[in-house]
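The next block holds one structure in the form of structure tokens; read it before the comments.
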Amino acid sequence: MTDGRSPAPLLTDLTSAQVTDAVRGRTVVWPVGAIEQHGPHLPLSVDLILAEGFAEGIARELDAFVLPAQAVGARSLPQSGGGLHFPGTVYVAGDTLVRFLRETLSALAALPMGRLVVVNGHYENEPFLFEALDQVREQGLFDGAEVFAFSWWSLVRDTWAATEIPAFPGWHAEHAGVTETSLMLHLRPDLVTDERPDHDDPPRAGIYLHPVDVGQTTHRGVLSSTSGSSAGLGERLLRHVVDEATALVRDGSGLLFAQSRPDRRPNRSPGRRPDRASDRRPDPRPDRSADRSADRSPDRAPEPGGAGPGADLRAPDHRPDAQRRTAVHAEGNQQ
């Protein structure tokens, strides 16, 4: 964001001796993008630059560390990214991406951060990112930390899009269209050419075609219209997404922690907006763990010989075996 403010601190600028204490309880933001064709007017780095731009804005608001962006993502698909018919896209297969993201997230989880925020900028990355996150969660590596992961467009409210982009084609088709062009005009106008190609017949969402006619599904790699794009629209969109992301993280809606941690409760002091996970106040509720342990303990001391509650407390029978069997048989006949 070009507002003259100092950039968010980079996690990679810390030394190994500093990093553990520096990130303890803090928020870390990781942008994940891609290298993908974006028509004749935008650079291959759009998804990378936008993920970095949103991550930077979010990290500033949350007083967080930011990681360098992941540049290589999932393959471009014809119905959402123009496909591989246009040169310049660099990608890895889905299983490779899941494995890479899982191992990277596992390494990050070793840091004592309080919160991880992952900002995705490439449409095709999302299912693989979520799969990797869930695999790490299943391993228990995120226990004790909050995780927020989203594609930036998922935070754009429908009312905002309806007001600002009247002819909105859907996010799957907003590839190299008015929103990405506007964001790039705001963030990196030096990388945007003067061409403004339009595609009047955007592809429908969720439909895979083979063999695909890219002359019908795109216009030179553009899936929708660039008309109406401007730096002003890009600035408003960036601010809107950063505000939505910041509110999402601060409010913690949907988190179990929202019910169990004092700074996540609806009745917290008016105006309190904790920026750091380390701002959490100690839970004022008394520790009932000792009481629960007592509840599970025997309510009377074990009997001599180690017999506890529920054990047969009758005196031991020291009679010879033959007499004992005869007595048992007699008791059965009486019943």
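Summarising the label geometry, the points placed 7 Å from Cα in the beta-carbon direction at ALA167 and ASP143 lie 5.5 nm from one another.
Amide H contacts under 5 Å for ALA149: VAL118, restricted to partners 5 or more places along the chain or on a different chain, H placed in the peptide plane at 1.01 Å from N. Convex hull of alpha carbon positions in segment 1-65: directionally averaged projected area 5.4 nm².
Amide H contacts for GLY25 (H built 1.01 Å from N in the peptide plane; partners 5 or more residues away or on another chain; cut-off under 5 Å): MET113, GLY114.
What the phi angles of segment 236-242 give under the Karplus curve with 6.51, -1.76 and 1.60, with θ = phi - 60°, is a coupling list of 5, 5, 4, 5, 4, 5, 4 Hz, glycine and proline written as x. Couplings for segment 164-175, taken from phi via the Karplus curve 6.51 cos²θ - 1.76 cosθ + 1.60 with θ = phi - 60°, read 8, 10, x, 9, 5, x, x, 5, 4, 9, 7, 8 Hz in order; Gly and Pro are left as x. Phi-derived couplings, Karplus 6.51 cos²θ - 1.76 cosθ + 1.60 at θ = phi - 60°, listed residue by residue for segment 144-159: x, 10, 8, 10, 10, 9, 7, 7, 4, 5, 5, 8, 7, 6, 4, 5 Hz, with x used for Gly and Pro.
Quick check: Cα centre of segment 175-251 to Cα centre of segment 131-172, how many Å? Comparing the Cα centres of segment 175-251 and segment 131-172, I get a distance of 17 Å.
Here, each number is a calculation from the coordinates, and none is a lab measurement. A quick note: this is a predicted structure, and the numbers were derived from the prediction, not measured. Positions of Cβ are generated from backbone atoms using ideal geometry, with glycine treated the same way; all protein chains shown enter the neighbour counts.
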